[in-house]
Amino acid sequence: MSNVDETLVPPTATIKQVIDTIERSQAKVALVVDENRKLLGTVTDGDVRRGLLRGVQITDAVPIIMNQKPRVASMNEDVAEIIDMMRRNICRQVPVLDDDGRVVGLKTLEEALRVPDRPNWVFLLAGGRGHRLRPLTDECPKPMLPVGGRPMLQIIVESLVRQGFRRFYISVNYKREMVREHFGDGSLWDAEIRYIEEDEQMPLGTAGALSLLPQIPNEPVIVMNGDILTKVAFGALLDFHTEHASVGTMCVRDYVLQVPYGVVETDDHRLSEILEKPVHRFLVNAGLYVLERAAIELVPHNHSYDMPMLFEELARRKLAATVFPIREYWLDIGRIDDFNKANDDYIREFRGLDVAKTLR
């Protein structure tokens, strides 16, 4: 069983402390227990994100987001029975309790099944010209710009391969030959890479290239802009998408905007209130999505079409469209300042990762 002690937190722990526990834990879960190790609740990555969407703060105490009635197993239960229960209830972690309700172990589905590589295709958008990054992109497509000595698209591919994703479509347009020559068929990364080629005279936007897929996969497809660096848990994203029976899932980031002045509220001509430097929070599109076949089928063939248009169409048709908050490192490299920041961040955020392949 997983090392259960590393997952235990008291009910007084903050959500920030629980996030740290989840990230350190191999089981990716936190078990909330009292002083006698009696289970009070569990917290997963999905619980944290749902709390953030409700406006919960990371300084709040953990009981506000924990699952108070989690699935549990008895220490006397057969392993096969536990696995069957986990499969039926889509549980990835199950605390094991003694007769007094005290935590004595933790069983994970991954540990039990040793799940192989994920079958899902990843669709990477790498055709943009990167006008705002000129002159860097005069001779190089934006996704191939070097970050920490490697093309940013290579960092994306390696991150996904590490998490079990090995099937890629890369949509190319501007200076497409540089992408093809570098990645080839993907074998250097122990992956399968295919290419979708857009017409140079007719860019298809952030969703239109999906209409050029030779065959729409039956499994959910991860779609990602090729100019984003992130340490998001792609498996957690897929699990979130599946648990919510979504047709489309859009990743979002918290964006904070502070007005640098005192804002005056009025009632007609009378002053009613002064708000000193108020802070406004928004959820913004993070350029990372999960799409079911039914969503991809809505993309018009070979026409310019953007992701916001697709999600608006999902909402109009009352199809399940969900949002997944990214709390991990995330950076959209759209401007020179962003590119410089990515290179500054690289050593801290990515250098220590165990990369599968090196730049050839």
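The values are calculated or read from the model by the stated rules, or taken from the named source; none is laboratory data. As the structure is a prediction and not an experimental result, all values here were calculated from the model. Every residue, glycine as well, gets a Cβ built from its backbone with ideal geometry; the counts of neighbours run over all protein chains shown. Each accessible area value is taken on the protein alone, full model and side chains, heavy atoms only, with ligands, DNA and RNA left out. Shrake-Rupley method; radii C 1.70, N 1.55, O 1.52, S 1.80 Å.
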>> Condition (residue is under 30 Å from Asn343 (Cα atoms), outside any loop (DSSP other than H, G, I, E, B) and open to solvent by 80 Å² or more (accessible area, probe 1.4 Å)) applied to region 282-298: is it met by at least one residue?
In response: yes
> Within the bounds of region 249-265, is there any residue that is in contact with a Ser or Thr (Cβ under 7 Å, 6 or more places away or on another chain) and under 18 Å from Phe123 (Cα atoms)?
Replying inline: yes
> For region 180-193, what are the residues that are open to solvent by 30 Å² or more (accessible area, probe 1.4 Å) and more than 16 Å from Pro143 (Cα to Cα)?
Replying inline: Asp185, Ser187, Leu188, Asp190, Glu192
> Given (1) crowded, with 16+ Cβ neighbours inside 10 Å; (2) in a loop (DSSP other than H, G, I, E, B); (3) polar (S, T, N, Q), where does Asn218 come up short, assuming only one miss?
Replying inline: (1)
>> Of all residues being part of a helix (DSSP H, G or I) and either closer than 25 Å to His301 by Cβ or not charged (D, E, K, R) (or both) in region 221-246, which is most open to solvent (accessible area, probe 1.4 Å)? Just the residue, please.
In response: Thr242
> within 19 Å of the chain's Cα centre (by Cα) and closer than 30 Å to Ala236 by Cα - does that describe any residue in region 254-263?
Replying inline: yes
> Within region 278-293, is there a residue that is farther than 30 Å from Pro151 by Cα and among the β-branched types (Val, Ile, Thr)?
Replying inline: yes
> Taking into account only those residues within region 339-357 that are open to solvent by less than 50 Å² (accessible area, probe 1.4 Å) and acidic (Asp, Glu), which is modelled with the highest pLDDT?
Replying inline: Asp345
>> Can you find, within region 124-175, the residue that is surrounded by the most Cβ atoms within 10 Å (Cβ to Cβ) among those that are among the polar types (S, T, N, Q) and in a helix (DSSP H, G or I)?
In response: Gln154
> From the residues in region 299-328 that are open to solvent by less than 50 Å² (accessible area, probe 1.4 Å) and in a loop (DSSP other than H, G, I, E, B), which one is farthest from Leu52 (Cα to Cα)?
Replying inline: Pro300
